[in-house]
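The values are calculated or read from the model by the stated rules, or taken from the named source; none is laboratory data. Quick caveat: nothing in here was measured; it's all calculated off a predicted structure. Here the Cβ is made from the backbone with ideal geometry for all residues, glycine too, and neighbour counts use every protein chain on show.
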Amino acid sequence: MQQVVVNLLVNAADAIEDRGGTVMISSSLLVLSPHGIVHIKSARCPRGHDLIYGDFKIEGMASIRLKARCDGANGFILLDPIYGRNRHHFEFEAPEGKPLEVVCPECGTSLMVERGKCELCGSVTFSFDVPPQGTYEACIRRECGWQRWDAVESAGKKEYVELSVADTGVGIAKEDLPRIFEPFFTTKGQKGTGLGLAVIWGIIDNHNGTISLESEMGKGSTFRIRLPLRP
């Protein structure tokens, strides 16, 4: 973990360069629910097909690819792999008022929950297996965002250490933020390899933590790491 902090400090120093500025480090202890923190690393349909889709990533993480069918048309839904977060990508818009079905993109097996009902809006739900941690279930309505993962919810809130590294450097363009943790992606031109932040992300993920970035051009960036105190 020491190397993670060192790498982030080097990154912050590069952002400031010769223009001058400050780098700030802070830490705190938090008690948090699993929403917005726990990473869904495995997802399978009832027939065992892998739903994790590495060709489309959300903040450096492989998405969960499902297929939606409605009235003869179909398209993909790419789910955010962070439980409770809703940065999904929809490649399919269902006609208003038409029933939508979610299926496995490999075998076409329906993922709809028999008699499933969203606790927020009452709409039907879909689900998939998250081995070895039970089943993930979610509302079919895009606007709702309800999700449930009993194996994680039953564990309750956990203590996390939060570490923030902020700088007043040049910042990162908004269009670059979704790819910032991808291997070989760099905003430094020939000066960068594109591996530093990807390696940091991998270390944090292996420790069941998360890393996020907030940045604004001309104002600077803040990296925020959250790590569980206990497994």
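Can you find even one residue in segment 200-213 that is more than 20 Å from the chain's Cα centre (by Cα) and over 30 Å from LYS98 (Cβ atoms)? Looking through segment 200-213, none of the residues is more than 20 Å from the chain's Cα centre (by Cα) and over 30 Å from LYS98 (Cβ atoms).
Could you tell me whether PHE56 is touching an Asp or Glu at 6+ places or on another chain (Cβ under 9 Å) and either without any contact (Cβ under 8 Å) to a residue 24 or more places away in the chain or farther than 22 Å from ALA151 by Cα (or both)? For PHE56, the condition - touching an Asp or Glu at 6+ places or on another chain (Cβ under 9 Å) and either without any contact (Cβ under 8 Å) to a residue 24 or more places away in the chain or farther than 22 Å from ALA151 by Cα (or both) - is not met.
Considering segment 197-211, and only residues there that are free of Cβ contacts under 8 Å to residues at least 60 places away in the same chain and part of a helix (DSSP H, G or I), the residue that is nearest to VAL165 (Cα to Cα) turns out to be GLY202. Each residue in segment 102-159 was checked for being in a loop (DSSP other than H, G, I, E, B) and not aliphatic (A, V, I, L, M), and 28 pass.
Of all the numbered requirements in (1) at pLDDT 90 or above; (2) outside the structural domain of LYS219 (by TED's automatic domain parsing), GLY72 misses one, and that requirement is (1). Remark: pairs (first residue in segment 113-135, at positive phi; second residue at pLDDT below 95 and among the aliphatic types (A, V, I, L, M); Cβ separation under 7 Å; 6+ apart in sequence or on different chains) = GLY134/ALA151.
Screening the candidates GLY169, GLY218 for the property of being outside the structural domain of VAL102 (by TED's automatic domain parsing) and loosely packed, with under 14 Cβ neighbours inside 10 Å yields one hit, GLY218. Taken over segment 31-48, the residue count meeting the criterion of being within 23 Å of the chain's Cα centre (by Cα), exposed (fewer than 13 other Cβ atoms within 10 Å of the Cβ) and touching a residue at least 24 places away in the same chain (Cβ under 8 Å) is 1.
Would you check if there is a residue in segment 142-156 being closer than 22 Å to PHE56 by Cα, touching a residue at least 24 places away in the same chain (Cβ under 8 Å) and either in contact with a Ser or Thr (Cβ under 6 Å, 6 or more places away or on another chain) or loosely packed, with under 12 Cβ neighbours inside 10 Å (or both)? Checked against the condition, which is being closer than 22 Å to PHE56 by Cα, touching a residue at least 24 places away in the same chain (Cβ under 8 Å) and either in contact with a Ser or Thr (Cβ under 6 Å, 6 or more places away or on another chain) or loosely packed, with under 12 Cβ neighbours inside 10 Å (or both), segment 142-156 yields no hits at all.
Here is the figure for segment 17-37: residues that are assigned to a loop (DSSP other than H, G, I, E, B), within 17 Å of LEU163 (Cα to Cα) and not hydroxyl-bearing (Ser, Thr, Tyr) total 2. Looking at segment 94-112, which of its residues are of a type in the set (D, E, K, R) and in contact (Cβ under 8 Å) with a residue 12 or more places away in the chain? LYS98, GLU101, GLU106 - these are the residues of segment 94-112 that are of a type in the set (D, E, K, R) and in contact (Cβ under 8 Å) with a residue 12 or more places away in the chain. On inspection, VAL165 qualifies as modelled with pLDDT of 90 or more, of a type in the set (A, V, I, L, M, F, W, C) and more than 19 Å from the chain's Cα centre (by Cα).
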